[in-house]
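Every number in this text was worked out from the coordinates using simple rules, so none of it is lab data. Keep in mind it's a predicted model, so treat the numbers as computed, not measured. Using ideal geometry, Cβ is built from the backbone for each residue, glycine included, and neighbour counts are taken over all protein chains shown.
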Amino acid sequence: MPYVDLYSPFGELLYHSNEPEKRAKFLRELPREMPNRRVDLQYQALREAIEMIPEFSAEEDSLLAGHVYTLFAVTYPGWDKARPQNDAVGALRRRAGQIGMRVLEVGLQQ
C-alpha cells in the first residue's frame, strides 16, 4: 500500500508508483528527474487527494495555493519493507523548500 504521487503546480498527477524499488530511487533523484507530462491514469487530482485526509482537507485552500510541486506520500513508519521510501521521503522533506516542493505525508499504522 505505500505509494507516492507527484503533482504539478496545477494539481495534475505527473507520477504515481507503488513499486518499492522505483519509489525511493525516484524521490532521491528529484528534481533532476522531474516528470513534465501528466500521467494518463485514472488517479485522483491533488484536490481529491487532499480531500481524502481530514487534516489536509481543513487546510485545502492553503495547500492548493502557491502553485508548487506537491509530493503526496503514503508511508508505513516503522515497517522495514517501507524503510527505503520512508527515508527518501524524509530526505526530500528536508530539501523541499530549496527545490520549490511541498511534501504531504500520510503515515499508516500496521
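Considering every pair of different Cα atoms, what Kirkwood radius, in Å, is found for segment 34-90? Write down the numbers at each step before the final one.
Working: mean 1/r = 0.0746 Å⁻¹.
For segment 34-90, the Kirkwood estimate is 13.4 Å.
What FRET efficiency comes out for the pair ARG28/TRP79, r = Cβ-Cβ distance, R0 = 22 Å, nearest 0.05?
Values: r = 19 Å, r/R0 = 0.87.
Taking R0 as 22 Å, the efficiency between ARG28 and TRP79 is 0.70.
So what's the Cα pair-distance distribution over segment 1-57, bin width 10 Å, in %?
Histogramming segment 1-57 at 10 Å steps yields 22, 52, 26, 0 percent.
Quick one: check the C-alpha center-to-center distance for segment 74-110 versus segment 1-66, whole angstrom.
12
Using the scaling law 2.2 N^0.38 Å as the reference, what is the normalised Cα Rg of the chain? Each step should come with its number before you reach the end.
Working: Rg = 13.0 Å, N = 110, 2.2 N^0.38 = 13.1 Å.
Compactness ratio reported: 0.99.
Assuming 0.36 nm per residue, please report the length gained on full extension of the stretch TYR3 to GLU51 beyond their Cα-Cα distance. Show your work: numbers first, answer last.
Values: separation 48, 0.36 × 48 = 17.28 nm, distance 1.73 nm.
So the extension gain works out to 15.5 nm.
Rank PRO35, SER62, VAL103 by how far each Cα sits towards the positive end of the charge dipole of the chain (+1 on Lys, Arg Cβ; -1 on Asp, Glu Cβ) and give me just the farthest.
Positive-end residue among those listed: PRO35.
Which of VAL89, VAL74, VAL39 moves the most in a Gaussian network model of the chain with Cα springs under 10 Å?
In this elastic network of the chain, the residue with the biggest mean-square fluctuation among VAL89, VAL74, VAL39 is VAL39.
When the helix-only estimate is applied to the chain (DSSP H runs of n ≥ 4, each -39,500 (n - 2.57), divided by the residue count), what is the mean residue ellipticity at 222 nm, nearest 500 deg cm²/dmol? Working shown, then result.
Details: 5 runs with 43 residues, N = 110.
Taking each H run of at least 4 residues, the total per residue is -11000 deg cm²/dmol.
Per residue Cα convex hull volume for segment 59-102, in cubic angstrom?
Values: hull volume 3.4 nm³, N = 44.
It comes to 77 Å³ per residue, whole-number rounded.
Report relative contact order for the chain in percent, whole number only (criteria: Cα-Cα under 8 Å, sequence separation at least 6).
Numbers: 167 pairs, mean separation 36.1, N = 110.
Relative contact order, the chain: 33 percent.
Considering only LEU46, LEU63, LEU27, give the residue with the highest GNM mean-square fluctuation for the chain, with springs between Cα atoms whenever their separation is below 10 Å.
In this elastic network of the chain, the residue with the biggest mean-square fluctuation among LEU46, LEU63, LEU27 is LEU63.
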